[in-house]
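The values are calculated or read from the model by the stated rules, or taken from the named source; none is laboratory data. These numbers were taken from a predicted model, which means no experiment stands behind them. Only protein heavy atoms, including side chains, enter the accessible area calculation; ligands, DNA and RNA are left aside. Shrake-Rupley method; radii C 1.70, N 1.55, O 1.52, S 1.80 Å.
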Amino acid sequence: LLEAAGELFVSKGIHATVIDDIVKRAGVAKGTFYLYFKDKYDLLDQLILYRSADVIKHALSTVEERKAQKKIDLKEAVFCFIDDLLAYFTTHKDALLLIRKDLSKGLFRSNLIAADENLQTAIARFTENFMSRGESQEQALQTLYILVEMAGSVCCDAILDESPYRLDEIKPTLYLLIGKLLC
């Protein structure tokens with residue numbers, strides 16, 4: 001159902017897609033839809049949640065892979081994380097169309113984090129870097145949230161709309177500001 005809805009939401013638009021379209025594409029009965037979702041907006045919310053969590057998990061695992069290859073500092077880890085997000089969304093505009101500016105939902109929905117041990121571990125490792133600078137755990141989570149929101153919002157506008165700036169135009173300033181945030 002999630003995959004079918006994702007395809008339809010991107011191709012037809014959210015408002016033009018009806019539940020009958022979704023269940024037909026998924027090959028299930030309408031009653032099955034209502035076992036899992038209240039309405040198509042509930043399904044959309046779940047779809048955004050899981051897609052954004054997957055993107056963030058991928059970016060966090062890329063950081064962990066880079067750390068395993070060589071020692072990197074916090075700034076390099078954050079830039080690696082942001083690079084992975086930008087690269088993913090540049091090549092997967094369909095995912096960006098769905099997620100839009102809700103990227104942090106996948107990172108900060110407690111029920112999703114509780115259900116995903118890999119995501120818990122990745123978030124803990126990432127926030128430990130911030131905590132080693134003297135931030136509390138809450139401040140470290142807030143810093144991660146701000147970074148994800150800032151990168152997500154900028155890449156959404158720059159990649160999908162190319163407005164007010166294209167990604168190649170805004171990326172240096174984004175990195176400059178992130179660097180300042182990390183000092």
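Numbers at a glance
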quantity: Listed residue pairs exceeding 29 Å between alpha carbons, taken from Lys71/Lys93; Lys12/Lys75; Lys70/Lys93; Lys12/Lys105; Lys40/Lys105; Lys40/Lys75; calculated: Lys71/Lys93; Lys12/Lys75; Lys70/Lys93; Lys40/Lys75
quantity: Alpha carbon centroid spacing (whole Å) that separates the stretch 38-57 from the stretch 118-183; calculated: 21 Å
quantity: Helix-derived mean residue ellipticity, 222 nm - over the chain, DSSP H n ≥ 4, -39500 (n - 2.57), to 500; calculated: -24500 deg cm²/dmol
quantity: Rounded accessible area per residue of the chain, 1.4 Å, Å²; calculated: 53 Å²
quantity: Inverse mean reciprocal Cα-Cα distance (Kirkwood Rh) of the stretch 1-154, Å; calculated: 16.7 Å
quantity: For the stretch 10-19, Karplus couplings with θ = phi - 60° (6.51, -1.76, 1.60), whole Hz, Gly/Pro x; calculated: 6, 6, 9, x, 5, 6, 7, 8, 10, 4
quantity: With all protein chains modelled, accessible area of Ser163 [1.4 Å, Å²]; calculated: 60 Å²
quantity: Most to least accessible of Lys105, Lys93, Lys180 (protein chains only, probe 1.4 Å); calculated: Lys180, Lys93, Lys105
quantity: Per-residue SASA entry for Glu117, accessible area with 1.4 Å probe, Å² rounded to 10; calculated: 140 Å²
quantity: Prolate/oblate/rounded label for the stretch 20-98 (Cα gyration tensor, a/c 1.5); calculated: prolate
quantity: Three-way shape label, the stretch 127-183, alpha-carbon gyration tensor, a/c 1.5; calculated: prolate
